[in-house]
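Data block below; observations after.
The values are calculated or read from the model by the stated rules, or taken from the named source; none is laboratory data. These figures come from a predicted structure and were not determined experimentally. Cβ: placed from backbone, ideal geometry, glycine included. Neighbour counts: every protein chain shown.
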Amino acid sequence: MKTLPISRRIHLILTAILLLTITAVPARSQPVPGSIEVGASVGRFYGGSFPAGSTRFFDAKVDVDDDIQSGFWLSGQLSRVWSLEVAVRRTETRIVEHTSGGVFPHEPELAGLDVASIEILAIRSFPVRHFVPYVGIGAGLVNLDINTPDRSDRDSNRAAIALAAGAKYYATSWLGFRFDVRSRTTYLGQRNERDHHRSDDRSQWFSDQEVAAGVFAAFGLRN
């Protein structure tokens with residue numbers, strides 16, 4: 001089966017969101033305890049930096065490039081305003097040389113990098129009819145898979161903390177879409193001993209952000 005290009009998939013999802021908005025009915029649907037929500041999203045991944053000495057591949061600080069991100073989520077409603085969400089995200093991006101910036105910075109590619117995450121978040125909603133803003137906090141695992149010619153270079157799983165904010169819109173009692181913004185901080189572990197004397201970069205964390213839009217189906221709702 002032929003796979004649609006990422007740009008085409010994004011176009012189709014955005015078109016679906018627009019159609020939901022245009023054809024939305026004035027529903028008063030609200031999630032109730034025991035209801036389930038399943039959704040998928042695409043968006044933009046904004047990469048952070050690996051500090052000097054945080055990996056065995058690079059002696060200097062390196063950056064992670066921005067790229068397209070995709071994912072899905074499953075959530076269960078615990079009460080009218082609280083829910084528990086399991087979210088999965090994946091991005092295929094690159095590690096690039098760190099630069100001081102500029103309008104068109106030159107950032108040579110150093111290696112490919114796949115970033116995948118799975119996290120559990122507690123979500124606090126503020127429902128207003130069919131419009132539901134929310135905030136959330138949670139924790140999970142981030143898988144960092146560097147792509148090098150040496151097949152013995154293995155991926156690494158690291159603990160992470162995530163913050164989320166966004167809003168959902170119920171176009172019908174069972175179908176809607178949401179806009180979501182997240183910030184994630186991943187613990188990289190102890191620094192290499194040879195870099196402990198460095199004073200310019202002592203961080204042991206990798207931080208990234210994402211902005212995504214998605215569609216979802218909800219089950220067990222009532223008007």
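A few points about this structure:
- Any hit, region 72-86, residues being modelled with pLDDT under 85, in a loop (DSSP other than H, G, I, E, B) and surrounded by 15 or more Cβ atoms within 10 Å (Cβ to Cβ): no
- All conditions in (1) β-branched (Val, Ile, Thr); (2) more than 16 Å from the chain's Cα centre (by Cα); (3) closer than 21 Å to Ala164 by Cα hold for Val135, with the sole exception of (2).
- Within the span defined as region 92-111, every residue fails to be in a loop (DSSP other than H, G, I, E, B), charged (D, E, K, R), loosely packed, with under 15 Cβ neighbours inside 10 Å and at pLDDT below 95.
- Every residue from region 33-47 that is at pLDDT 90 or above, over 15 Å from Val181 (Cβ atoms) and surrounded by fewer than 18 Cβ atoms within 10 Å (Cβ to Cβ): Ile36, Val38, Ala40
- Scanning region 162-194 for residues that are of a type in the set (D, E, K, R), at pLDDT below 80 and surrounded by 16 or more Cβ atoms within 10 Å (Cβ to Cβ) returns a single hit, Arg191.
- All told, Val62 falls short of being surrounded by 14 or more Cβ atoms within 10 Å (Cβ to Cβ) and more than 20 Å from Trp205 (Cβ to Cβ).
- Residues of region 135-157 satisfying the condition of being without any contact (Cβ under 8 Å) to a residue 40 or more places away in the chain and either under 15 Å from Gln77 (Cβ atoms) or among the β-branched types (Val, Ile, Thr) (or both): Val135, Ile137
- Long-range neighbours under 7 Å by Cβ, at least six apart or interchain, first residue assigned to a loop (DSSP other than H, G, I, E, B) within region 39-59, second surrounded by 21 or more Cβ atoms within 10 Å (Cβ to Cβ): Gly47/Val64; Gly47/Asp208; Gly48/Val64; Gly48/Phe206; Gly48/Asp208; Phe58/Phe50; Asp59/Ala52
- For Ile95, the conditions (1) within 19 Å of Arg56 (Cα to Cα); (2) without any contact (Cβ under 8 Å) to a residue 40 or more places away in the chain all hold with the exception of (2).
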